[in-house]
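*Asks:* Dumping the structure here so I can ask a few things about it.
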Amino acid sequence: MTRPAAGPYRIATIEGDGIGPEVTKAALAVLKAACGEDTLDFAMLNGGAGHYRATGDVLPDETMAACREMDAILHGAAGLPGVVYPDGTEVGNDLHLRLRFTLDLYANVRPIKLLKGVTSPLRAFEGGGIDYVIVRENTEGLYASRGAGVLLRGEYASDSLVITRKGTSRVARFAFALSRKRNGAPRDGRRRLTVCDKANILRSYAFFRAVCDDVHGEFPDIDIDYAYADAITVHLLKRPDFYDVIVAENMFGDIISDLGAATVGGMGISPSGEIGDSHGLFQGAHGSAPDIAGQDVASPVATILSGAMMLRWLADKHGDMALDEAAGRVETAVERVLAAGEHVPADLGGSARCSEMTTAILRALGA
Ligand code: ATP
């Protein structure tokens, strides 16, 4: 096995709540097996709704400092029912939202890939037939107003949609550059960036589109395409193979990411990365699923694949090709297990336990 040349890489690891600890444990075992024991140094850190309940702090200063200083952040999931702030908002969400804004993680990357062995609700598509990435702008858009909207006399509420040239340019540049690294859309092999907005209705979205057009000038080798946010919900069901990379305003990106995930097996299989210029946070697309926590039935696949995304990001950042190869081994092992059909997690209609999935993936890795 090739060993990464650099490292050890320090990984700020927050297991969090609910199924967070079990899926994180699974990911750590797989990542260590893929990279070798000494390549990744996982620092286990406090944080989450349970920690808030015990201490009044969802993200302790030591955890924040470690996330800032270390090479990457791996997060299980955070949030517990009933653990809310006095205004009723969920405490758990605040963990990664604080990290997102403090570390300026402006690109929320959600690969939507149909793996072999997973049955899509879209009957026409098989493994490999759906393979695109949604890049959701993560720091502005409608969600920029979180905690700052106006509620007047119980009669009137408003939140402002914020689009800036700086925020849009950098996420568009990220998305075009991502397309350049990929092999194009499954349908025609074209490298294509689709801009998802409502430019027909709001000036702010027309501006989002115009800025993406400006950035396209730097990437003449990539096709540009446009889709209104309502229309794309239909396209993602009828012709998902047309898409390569999609860039979307924050709220639209949030919504279409979950739609896309549903077409390739759901949240338990979908990884995510929140990436800025210097930091990257990786976690499964799902929440803490407290209803199934501690029962060994959660699927660890999303967190394991998020770990593979983390390896690729680190590989790119440090020019460490061995990490890239390790990521490839993890992805191949996951796909091999799913394709074999012997171990199928509960959320994909099987009965394999979290621990059984992990052991099967480790075996497929040759560990
Ligand atoms: P959040 O708002 O924090 O994203 P959520 O309310 O959308 O969370 P999840 O915590 O993701 O919801 O859980 C939704 C349901 O999906 C859970 O009830 C659980 O049954 C299922 N689920 C989520 N993640 C997994 C997983 N990794 N494996 C199996 N089932 C899962």
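*Asks:* Which of rounded, prolate, oblate describes the range 120-264, given a ≥ b ≥ c as roots of the alpha-carbon gyration tensor eigenvalues and a/c under 1.5 marking rounded, otherwise prolate only if a/b is larger than b/c?
*Replies:* Since a/c reaches 1.5 but b/c is at least a/b, the shape of the range 120-264 is classed as oblate.
*Asks:* Among PRO86, PRO121, PRO240, determine the one that fluctuates most according to a GNM of the chain built with springs between C-alpha atoms less than 10 Å apart.
*Replies:* Residue with maximal mean-square fluctuation among PRO86, PRO121, PRO240: PRO86.
*Asks:* If you count only protein heavy atoms with a 1.4 Å probe, what accessible area per residue comes out for the chain, rounded to a whole Å²?
*Replies:* 42 Å²
*Asks:* Let me ask something else about it. On a 24 Å Cα-Cα criterion, which of the cross-link pairs LYS116/LYS317; LYS116/LYS198; LYS113/LYS181; LYS32/LYS317 come out too long? Don't skip to the end; give the middle numbers.
*Replies:* Details: LYS116/LYS317 29 Å; LYS116/LYS198 34 Å; LYS113/LYS181 16 Å; LYS32/LYS317 20 Å.
Checking Cα-Cα distances, LYS116/LYS317; LYS116/LYS198 exceed 24 Å.
*Asks:* On the full set of protein chains, 1.4 Å probe, figure out the accessible area of THR164 and give it in Å² to the nearest 10.
*Replies:* For THR164, the solvent-accessible surface is approximately 50 Å².
*Asks:* Name the residue, out of ARG123, ARG53, ARG190, whose mean-square fluctuation peaks in a Gaussian network model built on the chain with Cα pairs under 10 Å.
*Replies:* Maximum fluctuation in the GNM of the chain, among the listed residues, is at ARG123.
*Asks:* Got the relative contact order for the chain handy, in percent, Cα pairs under 8 Å and 6 or more residues apart?
*Replies:* Details: 805 pairs, mean separation 81.7, N = 367.
Here the relative contact order equals 22 percent.
*Asks:* So how do ASP214, ASP131 rank on accessible area, 1.4 Å probe, biggest first, that is with the largest at the start?
*Replies:* Ranked from most to least accessible, the order is ASP214, ASP131.
*Asks:* Additional query: Of GLY79, ASN183, THR39, whose Cα points farthest to the positive end of the dipole of the chain (charges on the beta-carbon: +1 Lys, Arg; -1 Asp, Glu; origin at the Cα centre)?
*Replies:* The one lying farthest along the dipole's positive direction is ASN183.
*Asks:* Roughly how compact is the range 1-151, stated as its Cα Rg over 2.2 N^0.38 Å to two decimals? Show your work: numbers first, answer last.
*Replies:* Values: Rg = 18.2 Å, N = 151, 2.2 N^0.38 = 14.8 Å.
Cα-based Rg divided by the globular estimate yields 1.23.
*Asks:* A further question follows. Write down the percent of antiparallel bridges among all DSSP beta bridges whose residues are both part of the range 1-152, to the nearest 5.
*Replies:* DSSP beta bridges in the range 1-152 are roughly 40 percent antiparallel.
*Asks:* Still on this model: Taking a ≥ b ≥ c as the square roots of the Cα gyration tensor eigenvalues, with a/c under 1.5 meaning rounded and otherwise prolate when a/b beats b/c, else oblate, which class fits the chain? List each step's numbers first, then the result.
*Replies:* Working: a/c = 1.43, a/b = 1.13, b/c = 1.27.
Rounded, since a/c falls under 1.5.
*Asks:* What fraction of the DSSP beta bridges in the range 120-264 is antiparallel, stated in percent and rounded to the nearest 5?
*Replies:* Values: 4 of 18 bridges.
For the range 120-264, the DSSP antiparallel bridge percentage is about 20.
*Asks:* Around ILE112, which amide H atoms from residues at least 5 apart in sequence, or from another chain, sit under 5 Å from its own amide H, with H modelled in the peptide plane?
*Replies:* TYR132, VAL133, ILE134
*Asks:* Separate question: Got a number for the accessible area of ASP17? Probe 1.4 Å, square angstrom, nearest 10.
*Replies:* 10 Å²
*Asks:* I'd like the carbon and sulfur percentage of the solvent accessible area for the range 120-264, probe radius 1.4 Å, heavy atoms only, ligands and nucleic acids excluded.
*Replies:* Whole-percent figure for carbon plus sulfur exposure: 52.
*Asks:* Here's a follow-up. Students sometimes get this wrong: rank LYS238, LYS116, LYS181 by accessible area, probe 1.4 Å, all chains present, largest first.
*Replies:* Values: LYS238 160, LYS116 115, LYS181 135 Å².
In descending accessible area the options line up as LYS238, LYS181, LYS116.
*Asks:* Quick one: accessible surface of GLU90, probe radius 1.4 Å, all protein chains present, in square angstrom to the nearest 10.
*Replies:* Around 90 Å² of this residue is reachable by solvent.
The values are calculated or read from the model by the stated rules, or taken from the named source; none is laboratory data. Just so it is clear, the model here is predicted, and its values are computed rather than measured. Backbone-built Cβ (ideal geometry, glycine too); neighbour counts: all protein chains shown. For accessibility, only protein heavy atoms count, side chains too; no ligands or nucleic acids. Shrake-Rupley method; radii C 1.70, N 1.55, O 1.52, S 1.80 Å.
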